[in-house]
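Participant: Before anything else, here's the structure in question.
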Amino acid sequence: MKTPSPLGAWAWFAKTRVGRSIFRVGPPQSNLERSQVMVSSFLLHVQPAKVNRHSLRASYSFGLGLISLYLFFILTVTGVLLMFYYVPSTTQAYDRMKDLQFVVTAGLVVRNMHRWAAHLMVAFVMLHLCRVFYTGAYKQPREFNWVLGVGLFLITLGLSFTGYLLPWDQLAFWAITVGTNIAGYAPVVGPELKYLLLGGNTVGQEALTRFYALHVIVLPAIGGLMVAVHVWRVRKDGGLSRPDEPVENIQSIPLGQLPTNKSYGLMELARGTTPQVGRDPDDEVFSWPHLIFRELLLFLIVTAVVVFLAVFWNAPLEELANPIHPPNPAKAPWYFLGLQELVSYSAFWGGVVVPALLVTALALLPYLDRRREGVGRWFARERTVANTIFSICLATAVALTIVGTLFRGPNWSWVVPWRTPPAITEDH
Amino acid sequence: MQKESVRKFYGWFTALGLLVGLLVGLGYYRDEYRPWKDYQHRFIKEEIRRATTPEQRMLAQSTPVQVRQILLPELNRVDRCTTCHLAVEDPTYGGYPQPLAYHPLHDEHPFDKFGCTICHRGQGRATTVEDAHGNVPHWDAPMLPLKYIQASCGQCHESSDNPAAPELARGEQLFETVGCRGCHKLGGVGGIVGPELDKVGARRSPDWLKQHFVEPSAVTPGSGMPPQKFSEPDVEAIVLFMLSQTGADLPGFYASMKVIPSAAQGQRLFQQKGCIGCHSLGGQGGKVGPPLDDVGLRRKPEWIVQHFRDPQAVSPGSVMPRFGFTDSEARALTDFLLHQREQKAVLSIPALMGPVDRGREVFRKYGCAGCHGPAGKGGVPNPNAKTAQLVPALTYVADGYTNAELKKLIVNGQREIVALDPHRPPPPLYMPAWGSTIKEAEVDDLIAYLFSLKPKNEDAGF
């Protein structure tokens, strides 16, 4: 410790009586301590003491899942701050937005951070899903974690959608009106589902109360739990996917055939693909510092980007919600605009059948596609068929979203964004 | 090897940590630096300069720099205008440049009860110049230009009985005479050809309204409304009246202005209670009691009020009955009578007019002139109508229709107007069905009036 640094301070503090009681291990100096620091810390122990080099390669995972997690964390912190000021009332919510902007210290910046982080989280969860698909990472033994991921994708959309209503401006009101109308197109359950969501037939105080409760309690609680399980399963399923899963090399005794006259440590019971029983130890490095420092770096980058966006761009806030003056066109949030575009062709097929089929297909994917080839590599040649089908679906969704976002004007008519529409003239 | 790869992180941590810190600092600085603080410092400096005693100086120096606001729970408003406009209540700041100017003539509308935005509009909650003055996207109520400020009086006061708002009264009078109600509903009365106007003042900007009167189709493509030939002051007056129609549902204290004693309320009472049965105004009415045109000259207001309460107390031997007017009603009637000496009020007194005169009133009341022209002389364009692209004049209606035919036309209207060129858009103006709006007796009077329009010296024969 020649120069003072946070690590140096920590080393000094960890040597004191109090410090030792808190941290148990100081900055690790030996490989033993590098293992201990991971295992003995609550925050770190969900990660292995050693990690495969392949998992550290940024060009493999791009850290997309971790970025989503960090955004979720930023959203939680800023969301709690916003809750200190927000009132879920149709007469007060909009005024509270104005007060955040005009009289609450840094209120607007916090709201901006929440807004941009929310949009980014939807985007990064989608990108994460694409990464996992294109690397075939949903295959055995990670099938169920993929299903959890699809669930988290839906939770993310739900969180963003419920939060969209809360400012109670025109944008919020009509986006939710359009969005819940799409839900209403489902046969049999559609109208009931819409009524259940809104607490009525139109967006009003009941809807605001419900969306608020869903947004701040129900969905974050479920989502947070699922994230915990999702991350835990990453560890239990053998870390990030990588080529040539070693499962077939492992010989394990079925649990029922274990001798019963001795006790077992966890290591002996652990099965399958945990790192300890994986490949050649030379492929692995200590998580501290190689993984942890990279994670910390990524967190700083994500924070910097979100704060940067929040300082220079304000979250939109339109006029107070007005149920009798719909904007033309009234548009759903951007991630539903592909769906809205589909609905404009056919409410039933576009609003119900296609999205239901897509979500079902996504959830069942690992059980349908059971071939083991091409795991752990981007665009593996062995997976050309699956990748092609997925790419076509993805391109269609992106194209529909772009059309719905940029190319649709009043009455959902075709407009070209870089040309102002000609004024409507009528000769007399 | 391992040490090397770790060391490079420290540089990145430092750089990114600094970047995050810098961005947070920047965000905080922009949040902390607000122009209103400059204005408050300027005000405090001025107060210190003016201080004559050490105590005053102490007081001025200890003025806190903080957001100031007027809470108006009844109006559901928070006006923070006084955060910058600190001296609005201090007459010694008269003539100062904004934002430190004094607001004159404000005694009857105390700030703590009215705030600022209920009259001036703008965004009361905002604390920056552009946002507060409301000239920003997504804010519907930018500040009302001062020349239209009388429009705000109309939210609480009857247009016709506020002497402080003559332009508003003139605008209303124009509205009622040029026939806007022929096509537009206001307060539930009027036609259905054009949109209702009850909230038009909150929806439309002054510029839009003005443009709309001069050349309607310029701001509303395809509008069938004929361009209005107003003089410049008349356009401003009627725009001002339109701006007063905000449809704001104000709570009791403010709305009560419309029901407290006023000349307009007195006029309504005068008609309802049948005063005209015994007294006359403008030569019309009964002869049992004295004419009331100049009663305001002959009697003091207190005398008239007392007379309404108990006629015999101030006028022994009077045969006028005691009507049991409430105090407020007696004051309203008195106010009305006092106004008679200033202006010859045009009273509609249906019971004593002939059918033709009553019909003329009906013609005016429902805005028929809006399409058929003053006195039914026509001339209002109706593009692509077969009738020379004009709304037909009514002058010779007596020749073309029987009484029953005309009645049917008025009651049922005529939705389809025959087009000159069937390939072009149909004529925008049409005859609404008035059956549910105009009472049957009124229709009869109206027909009598329309038949009377035919010039007397012309022969019916061809």
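Participant: Of (1) modelled with pLDDT of 95 or more; (2) of a type in the set (A, V, I, L, M, F, W, C); (3) under 30 Å from A:E143 (Cα atoms), A:F379 satisfies all except one. Which?
Facilitator: Single failed check for A:F379: (1).
Participant: Here is a further query. Kindly indicate whether B:Q56 is assigned to a loop (DSSP other than H, G, I, E, B) and either without any contact (Cβ under 8 Å) to a residue 40 or more places away in the chain or surrounded by 13 or more Cβ atoms within 10 Å (Cβ to Cβ) (or both).
Facilitator: no
Participant: Then there's this: Take segment B:370-380 and flag every residue that is at negative phi and buried (at least 19 other Cβ atoms within 10 Å of the Cβ).
Facilitator: B:G370, B:C371, B:H372, B:V380
Participant: Output the residue which, of all residues in segment B:260-314 that are among the hydrophobic types (A, V, I, L, M, F, W, C), loosely packed, with under 14 Cβ neighbours inside 10 Å and modelled with pLDDT under 80, is nearest to B:L333 (Cα to Cα).
Facilitator: Within segment B:260-314, the match that is nearest to B:L333 (Cα to Cα) is B:I260.
Participant: May I pose another question? State which residue is nearest to the chain's Cα centre (by Cα) when the search covers only segment A:198-232 and only residues that are in a helix (DSSP H, G or I) and of a type in the set (S, T, N, Q).
Facilitator: A:T209
Participant: Restricting attention to segment B:405-433, and to residues there that are at pLDDT 85 or above and touching a helix residue (DSSP H, G or I) at 6+ places or on another chain (Cβ under 9 Å), which single residue is nearest to B:C183 (Cα to Cα)?
Facilitator: Per the criteria, the residue is B:M431.
Participant: Moving on to the next point. Determine whether B:T92 is away from chain A (no Cβ under 12 Å) and part of a helix (DSSP H, G or I).
Facilitator: yes
Participant: Take segment A:291-309 and flag every residue that is within 19 Å of B:R30 (Cα to Cα) and more than 7 Å from chain B (Cβ to nearest Cβ).
Facilitator: Of everything in segment A:291-309, those that are within 19 Å of B:R30 (Cα to Cα) and more than 7 Å from chain B (Cβ to nearest Cβ) turn out to be A:V305, A:V306, A:L309.
Participant: Still on this structure: Consider segment A:54-88. How many of its residues are within 12 Å of chain B (Cβ to nearest Cβ) and under 30 Å from B:R68 (Cβ atoms)?
Facilitator: The qualifying residues number 0.
Participant: Looking at (1) within 16 Å of A:F102 (Cβ to Cβ); (2) within 14 Å of another protein chain (Cβ to nearest Cβ); (3) within 37 Å of the chain's Cα centre (by Cα), find the lone condition where B:E74 falls short.
Facilitator: Failed condition: (1).
Participant: Is it the case that segment B:170-181 has a residue that's more than 14 Å from every other protein chain (Cβ to nearest Cβ) and in a loop (DSSP other than H, G, I, E, B)? Spell out the reasoning first.
Facilitator: The first filter runs over segment B:170-181 and keeps only residues more than 14 Å from every other protein chain (Cβ to nearest Cβ), leaving B:170-181.
Adding the requirement that they be in a loop (DSSP other than H, G, I, E, B) leaves B:179.
Within segment B:170-181, one or more residues are more than 14 Å from every other protein chain (Cβ to nearest Cβ) and in a loop (DSSP other than H, G, I, E, B).
Participant: Would you please list the contacts, defined by Cβ atoms under 6 Å and residues six or more apart or on different chains, that run from a residue in segment B:21-42 that is within 12 Å of another protein chain (Cβ to nearest Cβ) to a residue that is of a type in the set (G, A, S) and surrounded by 12 or more Cβ atoms within 10 Å (Cβ to Cβ)?
Facilitator: Filtered contacts from segment B:21-42: B:D31/A:A106.
Participant: A further question on this structure: Look at A:T162 and say whether it is touching a Pro at 6+ places or on another chain (Cβ under 8 Å), hydroxyl-bearing (S, T, Y) and in a helix (DSSP H, G or I).
Facilitator: So A:T162 does not fit the description; no.
Let's see how each residue does on (1) among the β-branched types (V, I, T); (2) under 15 Å from B:L168 (Cα atoms):
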{"position": "B:V200", "(1), (2)": "yes, no"}
{"position": "B:R203", "(1), (2)": "no, no"}
{"position": "B:P206", "(1), (2)": "no, yes"}
{"position": "B:S217", "(1), (2)": "no, no"}
{"position": "B:P227", "(1), (2)": "no, no"}
{"position": "B:P233", "(1), (2)": "no, yes"}
{"position": "B:S244", "(1), (2)": "no, yes"}
{"position": "B:L250", "(1), (2)": "no, no"}
{"position": "B:G266", "(1), (2)": "no, no"}
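Participant: Please go through segment B:396-407 and give me each residue that is under 18 Å from B:D445 (Cβ atoms) and either within 37 Å of the chain's Cα centre (by Cα) or not in a helix (DSSP H, G or I) (or both), ordered by number.
Facilitator: Residues satisfying the conditions are B:V397, B:Y401, B:T402, B:L406, B:K407.
Participant: Do any residues in segment B:126-149 that are on the phi > 0 side of the Ramachandran plot and within 12 Å of chain A (Cβ to nearest Cβ) have Cβ atoms under 7 Å from those of residues that are polar (S, T, N, Q) and not in a helix (DSSP H, G or I), where the two are at least six apart or on different chains, and which pairs are they?
Facilitator: Here the result reads B:G134/B:Q123, each pair linking segment B:126-149 to a residue that is polar (S, T, N, Q) and not in a helix (DSSP H, G or I).
Participant: Something else about it: Can you confirm whether segment A:321-330 contains a residue that is polar (S, T, N, Q) and more than 7 Å from chain B (Cβ to nearest Cβ)?
Facilitator: yes
Participant: If you don't mind, there's one more thing I want to ask. Would you point out which residue out of A:V46, A:V39 is hydrophobic (A, V, I, L, M, F, W, C), within 17 Å of A:H290 (Cα to Cα) and without any contact (Cβ under 8 Å) to a residue 24 or more places away in the chain?
Facilitator: A:V39 is the lone residue from the list that is hydrophobic (A, V, I, L, M, F, W, C), within 17 Å of A:H290 (Cα to Cα) and without any contact (Cβ under 8 Å) to a residue 24 or more places away in the chain.
Participant: Within the set of pairs 6 or more residues apart or between chains, which connect a residue that is more than 8 Å from chain B (Cβ to nearest Cβ) inside segment A:99-118 to a residue that is among the hydrophobic types (A, V, I, L, M, F, W, C) and not in a helix (DSSP H, G or I) with Cβ atoms less than 7 Å apart?
Facilitator: Here the result reads A:R111/A:A315; A:N112/A:W313; A:N112/A:A315; A:R115/A:A315, each pair linking segment A:99-118 to a residue that is among the hydrophobic types (A, V, I, L, M, F, W, C) and not in a helix (DSSP H, G or I).
The values are calculated or read from the model by the stated rules, or taken from the named source; none is laboratory data. These figures come from a predicted structure and were not determined experimentally. Don't worry about glycine lacking a Cβ; one is built from the backbone with ideal geometry, like all the others, and counts go over all protein chains shown.
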